[in-house]
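> Handing you this structure, nothing more for now.
The values are calculated or read from the model by the stated rules, or taken from the named source; none is laboratory data. Only a predicted model underlies this, so the values are computations on that prediction, with no experimental measurement involved. Cβ coordinates were reconstructed from backbone atoms using ideal geometry, including for glycine residues, and neighbour counts include every protein chain displayed. Accessible surface is based on the protein model in full, side chains and every heavy atom, while ligands, DNA and RNA are left aside. Shrake-Rupley method; radii C 1.70, N 1.55, O 1.52, S 1.80 Å.
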Amino acid sequence: MSQPVNENTDDLSKASSERRPKNFELRSELTQEIISKKPDFIERGALYVFLLILLILLSITWFVKYPDTIMVRIVLTSDNAPKEIIPHQDGRLLKLFIKN
């Protein structure tokens, strides 16, 4: 039993090679050089220290609990505080003739 050949993959590879910049091979060699270089001892040590500090901070957040709500009494004040309106007559308000 033979597997069907997908002709679209050839078209995709041709299209992607046409879109590559002219200095793609040069960038690829430079990238390969950077990737293949092993990090120095200080770089690896710094990464491990950073990872250790991050893990310590995450573990501290697991154990330190903060309350969801805090009950307090406060008094709000402002320069132009709202005033209470006391009507001189009893009854229902039918229409308000004030525009903002």
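> Which of the following residues is part of a loop (DSSP other than H, G, I, E, B) and among the β-branched types (Val, Ile, Thr): THR77, THR61, THR31?
Answer to the selection: THR77.
> Related question: Checking the condition exposed (fewer than 10 other Cβ atoms within 10 Å of the Cβ) and at pLDDT below 85, which residue from ILE60, ILE74, ILE86 passes?
ILE86
> What single numbered condition from (1) open to solvent by 100 Å² or more (accessible area, probe 1.4 Å); (2) at pLDDT below 80; (3) not β-branched (Val, Ile, Thr) fails to hold for ALA81?
(1)
> When you look at ARG92, is it of a type outside the set (A, V, I, L, M), surrounded by 10 or more Cβ atoms within 10 Å (Cβ to Cβ) and modelled with pLDDT under 85, yes or no?
no
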